[in-house]
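Have a look at the structure below before the remarks.
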């Protein structure tokens, strides 16, 4: 990592998972885990901020061996270290119904994420009245215990959905994202991301105002930590708000070009222990 400016006094370190904290899948390297342990011992709170749902983030969080709160579903759901819900931001039913209609009009199936606090409740719902492509089918089959088929929210509006989404070709999803953001008058924000190891990309659709940064800023405030004392690290477009909002916004070396351009600092790759040098620089009071 090349020399950088004097680091601010960082009290909270927020980390995306895929492409940032995890070298691959759910694996966090020993060097990265040890570095985060040093950060925690020095009084820096570690927070995970991911697009994953809470259940699938937990193997990574547990491997750190630290008490770590989790911001998941792109900022729509925040859980404390014990897994209790601190905040949840759901769609208004009429907005969700419009989103479901637009997704179905493109021949895709809505995947609706929710907070499954109650035992036996599903993590997500899938529109059973729309055609399923290979990625939708694979996602459902891999998560049978935590999924439920439902009638389309366009026909039966719901108030428990935190994040809407669908799987499909990248260009199709980019067109859908533009359509949703323009036609719904700013009621939603949409991000097109790589497809969670599936053949297609994934469009993640959030209620307007919901982001990793909005959730992170709220969590930091609860702990008496101002934005300038937050360091946020990520690699994808859904990390942009927290990278721009944090006192120190950091992009991984493998980050998308727009993310690197928006960051205060670009560090090493996620699969080459890029976080280790950052943590050591924060602990020394320099970045570099």
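Derivation of every value follows stated rules applied to the coordinates shown; laboratory data play no part. Just so we're clear, the structure is a prediction, and the values are computed from it rather than from any experiment. A quick note on method: Cβ atoms are made from the backbone with ideal geometry, for glycine too, and the neighbour counts reach across all protein chains shown.
Based on the Cβ-Cβ distance of residue 286 and residue 170, what FRET efficiency does E = 1/(1 + (r/R0)^6) give at R0 = 45 Å, to the nearest 0.05? Intermediate values should be presented prior to the final figure.
On the way: r = 39 Å, r/R0 = 0.87.
Here the calculated transfer efficiency is 0.70.
The peptide list 192-202, 212-222, put in order of mean Cβ contacts within 10 Å with the highest first, becomes 212-222, 192-202.
Computed from Cα positions, the angle between helix 30-41 and the longest principal axis of the chain comes to roughly 70 degrees. Between 182, 90, 152, the Gaussian network model of the chain with springs among Cα atoms under 10 angstrom shows the greatest mean-square fluctuation at 182.
Volume per residue, Å³, of the convex hull around the alpha-carbon atoms of the chain? Could the numbers behind the result be given before it?
On the way: hull volume 33.8 nm³, N = 288.
Taking only Cα atoms, the chain has a hull volume of 117 Å³ per residue.
Computing FRET efficiency as 1/(1 + (r/R0)^6) for residue 42 and residue 228, where r is the C-beta to C-beta distance and R0 is 22 Å, gives about 0.75. DSSP bridge analysis restricted to the chain gives an antiparallel fraction near 55%, rounded to the nearest 5.
For residue 94 and residue 141, a Förster radius of 22 Å and the Cβ-Cβ distance give a FRET efficiency of 0.10, rounded to the nearest 0.05. Using the alpha carbons alone, the radius of gyration of region 93-207 stands to its Kirkwood radius in an Rg to Rh ratio of 0.93.
Quick one: grab the alpha carbon gyration tensor of region 189-256, order the square roots of its eigenvalues as a ≥ b ≥ c, and give me rounded if a/c is under 1.5, else prolate or oblate depending on whether a/b is larger than b/c.
Details: a/c = 2.93, a/b = 1.63, b/c = 1.80.
The shape class here is oblate.
Note the angle between two axes, namely the Cα long axis of helix 212-222 and the longest principal axis of the Cα atoms of the chain, as a number of degrees from 0 to 90, rounded to the nearest 10. With rounding to tens, the tilt is 60 degrees. Comparing mean-square fluctuations of 122, 69, 131 from a GNM of the chain with C-alpha springs under 10 Å, the top value falls on 131. Bridges between two residues of region 32-149, per DSSP, are antiparallel at a rate of about 65%.
A Gaussian network model of the chain, with springs between Cα atoms under 10 Å, assigns the largest mean-square fluctuation among 91, 167, 146 to 146.
Tell me what the chain gives for mean residue ellipticity at 222 nm when only DSSP H runs of n ≥ 4 count, each as -39,500 (n - 2.57), the sum divided by the residue total, rounded to 500 deg cm²/dmol. Result for the chain: -9500 deg cm²/dmol, rounded to the nearest 500. Helix 54-63 and the longest principal axis of the C-alpha atoms of the chain enclose an angle of approximately 20°.
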